[in-house]
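For reference, the structure is listed below as structure tokens.
The values are calculated or read from the model by the stated rules, or taken from the named source; none is laboratory data. For clarity, every value in this text was computed on a predicted model and none was experimentally measured. Positions of Cβ are generated from backbone atoms using ideal geometry, with glycine treated the same way; all protein chains shown enter the neighbour counts. What goes into the accessible areas is simple: the full protein's heavy atoms, side chains included, and nothing from ligands, DNA or RNA. Shrake-Rupley method; radii C 1.70, N 1.55, O 1.52, S 1.80 Å.
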Amino acid sequence: MSSSATRLRWSHNNFNLDEINQQFSDPDAIQIVKWAVETFGRGLVMSTSFGIHSAVMLHMVTAIVPEIPVIWIDTGYLPTKTYVFADQLTQRLKLNLKVYQSSMSPARMEALYGRLWSQNDVEALNRYDQIRKVEPMQRALRELKVTAWLAGLRSNQTDHRKTLDPVSIQGAIYKILPILNWSSKQVYEYLTTYDLPYHPLFDEGYVTVGDWHSSRPLTAMDENERDTRFKGLKQECGLHLPQSMEESASLDSSSL
């Protein structure tokens, strides 16, 4: 049995998640990151979407553990400015970036299923997310032998995220969310304190950015920032909902 598997079994048998989350009920995000590093060691990774405020978590975590693997799921449909932003942040922060993509090319997917994002159907969007996001993330977690996963989700982003705790278990992997309870003001203050960039599409009215075909700027008619994603049909893309390692039980999630 691998050392990471042994660590996970030990952690699972000995952790009391209620006690841990009570300890982090009024948390310092850096304290949570340090706890995760000390607890999970080489089994710890983080994910990024290179979204609007992704520089916050990337800077915070790599300042503590510079070589942490950073998983980026490249759907093949990201805006040009996302790819440029990702390259700039990767170089500036010297990220140990691990890029994963679907085993099915965009051209093959469109030939077999059509433009799934344009069908105004939740089932079609879920198939798209399973192919382009969930499957490559599951593969990344397996190949990197992940026991714990740092992510930049915040509770004010979606209804699902309001129900989350700073530390939980997703499948067989611990999920740690250091900035879960941060406000937009705290995010902004961190960015300005460390002179970090936000995604360039923020200046064009975007408050959240995913694929080019499923993101748009915020308007006065939107009740929630996530209305600007997936044509308002769903809030999430599947990466952060409970799921087995083999397949997603539900497709409705995304990352910061």
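Tabulated values for the structure
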quantity	calculated
Unique residue being of a type in the set (Lys, Arg) and more than 15 Å from LEU150 (Cβ to Cβ) when the list is LYS94, LYS98	LYS94
Which numbered condition LEU150 fails, given (1) surrounded by fewer than 19 Cβ atoms within 10 Å (Cβ to Cβ); (2) at pLDDT 85 or above	(1)
Evaluation of THR90 against (1) over 18 Å from PRO136 (Cα atoms); (2) surrounded by fewer than 19 Cβ atoms within 10 Å (Cβ to Cβ); (3) in contact (Cβ under 8 Å) with a residue 24 or more places away in the chain (one fails), failing number	(3)
Qualifying residue in the range 58-80 (condition: within 12 Å of the chain's Cα centre (by Cα) and polar (S, T, N, Q))	no
Verdict on TYR100 being over 19 Å from PHE50 (Cβ atoms), touching a Lys or Arg at 6+ places or on another chain (Cβ under 8 Å), of a type in the set (Phe, Trp, Tyr) and modelled with pLDDT of 95 or more	no
Qualifying residues in the range 203-212 (those that are open to solvent by 30 Å² or more (accessible area, probe 1.4 Å) and within 18 Å of the chain's Cα centre (by Cα)) - the one modelled with the highest pLDDT	TRP212
Long-range neighbours under 6 Å by Cβ, at least six apart or interchain, first residue without any contact (Cβ under 8 Å) to a residue 12 or more places away in the chain within the range 115-130, second assigned to a helix (DSSP H, G or I) and crowded, with 17+ Cβ neighbours inside 10 Å	ALA124/LEU116
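To keep it simple, each residue is scored yes or no on (1) assigned to a loop (DSSP other than H, G, I, E, B); (2) buried (at least 21 other Cβ atoms within 10 Å of the Cβ); (3) out of contact with any helix residue (DSSP H, G or I) (no Cβ under 7 Å at 6 or more places or on another chain).
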{"position": "LYS162", "(1), (2), (3)": "no, no, yes"}
{"position": "SER168", "(1), (2), (3)": "no, no, no"}
{"position": "LEU180", "(1), (2), (3)": "yes, yes, yes"}
{"position": "THR192", "(1), (2), (3)": "no, no, yes"}
{"position": "TYR198", "(1), (2), (3)": "yes, no, no"}
